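Trainee: Encoded as structure tokens, here's the structure I'll be asking about.
Quick note: the coordinates plus some simple rules give every number you see, no bench work behind them. Values in this document were obtained by computation on a predicted structure and should not be read as measured data. When we count neighbours, we look across all protein chains shown, and the Cβ atoms used for this are built from the backbone with ideal geometry, even at glycine.
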Amino acid sequence: MEWPEWWNQKAVTISVCNLAELGDDRFVKTNIGEFDQFIGGGFLPGSIYELVGESASGKTNLALAISKEIVMQHYKVCYFSTQKPLSVARLQSMNLDSNCFVYRNAVSQDDKCRYFIQELKSVIDCLEDVKLIVLDNIPELFSDYENTPNGIKLRNTAITKISVLLKHLSHNYGFGILIINNVTSDMHGALNPKLGLIWTNMVTHRMFLSKQNTLRTLKIQYSSIVGPENELHFLINDQGIELCQGLSQQFS
């Protein structure tokens, strides 16, 4: 497959939303009221929402629960896996409608980056009512690049251009973007999202998910819309998630 025409251009420009002019209907609602409020009204097209956390913290389960609620509104969600395939048993227990939940498995692809672009274009061209694109998880998308000065340079270029492409398509077609990322620890033991500063500069909303026993805590690390004091607590069950601390409505 050939890279898109814009890939070798020196700069790519997109139009930027003026938040002051946005109406409430501009946001992609998940139908989980507390989560929509938590992120500032829903997913804002033209933005990149990142979900970061340690392994087994519940990132995939939260992304699937969000996807399920959007699918239940008869909209489509396209879910890309790059690290490991989704569990068939988990999808069945959550009763995800396969007509609206479009799943693409890139785990076995030789060039995940090109495969993602190809399939993303196919989804946008062929399907209507796509409201959310999920990429689980982004570091694997760039795992083919060598850890050499030139390889790092090429990887950073790819990160930048794919991020701009996602924002551009999201803005033009009106869907949300949810990117799952893993963490790495620095020499002091602090946890930081993978892919470094280049990727961080592309993210408009970063959420950090942590786990203590069975309780999950979601925090806003930074956002262009809401403050960092926001937190959301939930449990994972067979049907999806259950909100805690007085927010006990179960989404199933």
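Trainee: As an exercise, use a Förster radius of 45 Å and the Cβ-Cβ distance of Glu231 and Lys121 to find the FRET efficiency, rounded to the nearest 0.05.
Mentor: 0.75
Trainee: Report the gain in length on full extension from His74 to Asn150: 0.36 nm times residue separation, minus Cα-Cα distance, nm rounded to one decimal.
Mentor: Working: separation 76, 0.36 × 76 = 27.36 nm, distance 4.50 nm.
Extending this stretch completely gives an extra 22.9 nm.
Trainee: Need the list of lysines near Lys59 for cross-linking: C-alpha distance under 23 angstrom, and skip anything on the same chain fewer than eight residues off.
Mentor: Answer for Lys59, where 23 Å is the Cα cut-off: Lys29, Lys68, Lys76, Lys84, Lys112, Lys131, Lys167, Lys194, Lys211, Lys219, listed by chain and number.
Trainee: Now for a different question. Ranked highest first by the average count of other Cβ atoms within 10 Å around their residues, in what order do 72-79, 39-46, 83-90 fall?
Mentor: The densest-packed peptide leads the list: 39-46, 72-79, 83-90.
Trainee: Using a Gaussian network for the chain with springs between C-alpha atoms less than 10 Å apart, which of these wobbles most: Ala106, Ala56, Ala190?
Mentor: Result: Ala190 has the largest fluctuation of those listed.
Trainee: Now a separate question. Angle check, please: helix 149-173 long axis (alpha carbons) against the longest principal axis of the chain (alpha carbons), in degrees 0 to 90, nearest 10.
Mentor: For 149-173 against the chain, the angle is about 60 degrees.
Trainee: By how many degrees, 0 to 90 and rounded to 10, does the Cα axis of helix 112-126 deviate from the longest principal axis of the chain?
Mentor: So the helix axis and the longest Cα principal axis differ by about 70 degrees.
Trainee: Where in the range 83-152 are there GluC sites (Glu not before Pro) that are in a DSSP coil and have at most 15 other Cβ atoms within 10 angstrom of their Cβ?
Mentor: Here the GluC sites (Glu not before Pro) that fit, given the DSSP loop and packing criteria, are Glu128, Glu146.
Trainee: Obtain the nm distance between the two label points defined at Gln109 and Ala89 by a simple spin-label model: each point lies 7 Å from its Cα along the Cα-to-C-beta direction.
Mentor: Output for this residue pair reads 2.8 nm.
Trainee: Test of understanding: express the Cα radius of gyration of the chain as a ratio to 2.2 N^0.38 Å, with N the residue count.
Mentor: In units of the 2.2 N^0.38 Å rule of thumb, it is 0.97.
Trainee: So, one more: Just to confirm my numbers, what's the Cα centroid distance between the range 158-178 and the range 109-131 in Å?
Mentor: One Cα centre to the other: 12 Å.
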